[in-house]
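Since the structure comes first, as structure tokens, the remarks are kept for the end.
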Amino acid sequence: MLKAIAGKMKTASSRTLVGAGMALCHLMMSANARADDNTIRWQMPGNPPVTITDGPEKGQGYADVFLRYFIERTPEYNSVIERASLARVSGLMKQGQHVCQPSLLKTSEREAYMEFSNPVEFVLPYYVVMRSDRAARLAAYRNADGAIDIARLMHDRSLTTVRQEMRGYPPVVLSAFTAAAGQKNILRTSADDVAPFSQLASGWVDYIIAYPDEVYWFARHLKLPASVNFIYLPIAGHPQYTLGYAACTKGPWGRKIVKRVNEIVAKAGNRPPWIEAEARLLDPEAAKRYEEVYARYSPFRRQAK
């Protein structure tokens, strides 16, 4: 009889311990979930001048300025900055991990696995970039306004260009690349932004597709010989500006974070501080054009609160 009672007590005690252990496990899992829910792992590729991760100008890229602004105003989140390539950013988001990127071009491909904010950045659009001593070779592809017919240009197999992996291209450029797919004059290169400019400077390629702020940055940082100068021409059919967005992993968590981004940007005024950073990264002619276009099309006038 006593043995039976002792056995029942032992079984009850074991059940109590198991139940307590399970409860503790659930509490720990819940706490970890809450911590993960409130942590934003910002993925920061080193692609100057958008994000500048090294050197004397470290942290002065316009996406750097925006991210600092956001972090200072969202103490409810634990923001962690991680160095990552665009390929890694895409991979993490496709896996469903809770990560964000502060500066991306919105494309239909990316929208399949990313949540995008309202516009955060306002930049001059892609241009066709070439060496000044080779500009005459592209003259046949300029229209009456001086803009380049990019589709016709890419079909000229005597002129070589590069298409960067993981880079987002606007519809007019993407369409031209797609139509010219498989041609030997369209070289594929990595997501490394410096490589196309180095190839252009050396004469290995005839032109590239890039932003004016990149042209100004790499012209100054590649230490080019005096005989090499980059010039850039507009692309026909391309808008006068490009919008950049913050993006997070698709799903409820990502939607929550981009909603908070939208709230912060809306309160930043008609000319957020990262816009000043963008203007400083342009050559004088491009800066003048930027101000003219910004005055006409700025998205922040409509969303400022």
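The values are calculated or read from the model by the stated rules, or taken from the named source; none is laboratory data. Bear in mind that the values here come from a model prediction, so they are computed numbers and not experimental data. Glycine gets a Cβ as well: all are built from the backbone with ideal geometry, and neighbour counts include every protein chain shown. Just so you know, the surface numbers come from the protein's heavy atoms only, side chains and all, with ligands and any DNA or RNA stripped out. Shrake-Rupley method; radii C 1.70, N 1.55, O 1.52, S 1.80 Å.
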- Item | Long-range neighbours under 6 Å by Cβ, at least six apart or interchain, first residue in contact (Cβ under 8 Å) with a residue 60 or more places away in the chain and open to solvent by 30 Å² or more (accessible area, probe 1.4 Å) within region 34-60, second assigned to a loop (DSSP other than H, G, I, E, B) and acidic (Asp, Glu) | Asn47/Asp193
- Note on the structure: Trp204 fails exactly one of (1) aromatic (Phe, Trp, Tyr); (2) within 30 Å of Leu153 (Cα to Cα); (3) touching a Phe, Trp or Tyr at 6+ places or on another chain (Cβ under 7 Å), namely (3)
- Query: What single numbered condition from (1) modelled with pLDDT of 95 or more; (2) of a type in the set (Gly, Ala, Ser); (3) on the phi < 0 side of the Ramachandran plot fails to hold for Ala219?
  - Reply: (1)
- Among the helices (runs of 4 or more DSSP H) confined wholly to region 73-187, which include 3 or more residues that are among the aliphatic types (A, V, I, L, M) and open to solvent by 30 Å² or more (accessible area, probe 1.4 Å)? 171-179
- Item | Test: residue in region 211-226 that is under 24 Å from the mean Cα position of the chain (by Cα), of a type in the set (Val, Ile, Thr) and assigned to a strand (DSSP E or B) | no
- Task: Hey, can you tell me all the residues within region 103-120 that are more than 20 Å from Arg41 (Cα to Cα) and either in contact with a Ser or Thr (Cβ under 7 Å, 6 or more places away or on another chain) or β-branched (Val, Ile, Thr) (or both)?
- Result: Thr107
- Gly254 meets each of (1) small (Gly, Ala, Ser); (2) over 30 Å from Ile231 (Cα atoms); (3) exposed (fewer than 15 other Cβ atoms within 10 Å of the Cβ) with one exception, condition (3)
- Task: Output the qualifying pairs, or none if there are none: Cβ atoms under 7 angstrom, residues six or more apart or on different chains, first residue in region 125-152 and free of Cβ contacts under 8 Å to residues at least 40 places away in the same chain, second residue of a type in the set (Lys, Arg).
- Result: Tyr141/Arg152
- For residues in region 267-286 being assigned to a helix (DSSP H, G or I) and open to solvent by less than 10 Å² (accessible area, probe 1.4 Å), which is nearest to Tyr232 (Cα to Cα)? Ala286
- Query: So is Ala191 assigned to a loop (DSSP other than H, G, I, E, B) and in contact with a helix residue (DSSP H, G or I) (Cβ under 6 Å, 6 or more places away or on another chain) or not?
  - Reply: yes
- Message: Condition first: open to solvent by 50 Å² or more (accessible area, probe 1.4 Å) and of a type in the set (Asp, Glu). Now tell me which residues in region 61-72 satisfy that.
- Response: Glu72
- Task: Give region 102-117 a look and list any residue that's within 25 Å of Ile235 (Cβ to Cβ) and of a type in the set (S, T, N, Q), or say none.
- Result: Ser103, Thr107, Ser108
- Applying the selection to region 263-305, what residues are hydrophobic (A, V, I, L, M, F, W, C) and over 18 Å from Tyr211 (Cβ atoms)? Ile264, Val265, Ala266, Ala268, Ala295, Phe300, Ala304
- Query: Which of the residues spanning region 39-72 are part of a loop (DSSP other than H, G, I, E, B) and among the aliphatic types (A, V, I, L, M)?
  - Reply: Val50, Ile52
- Task: Would you mind telling me which numbered condition in (1) at pLDDT below 95; (2) closer than 16 Å to Leu138 by Cβ Ile209 fails?
- Result: (1)
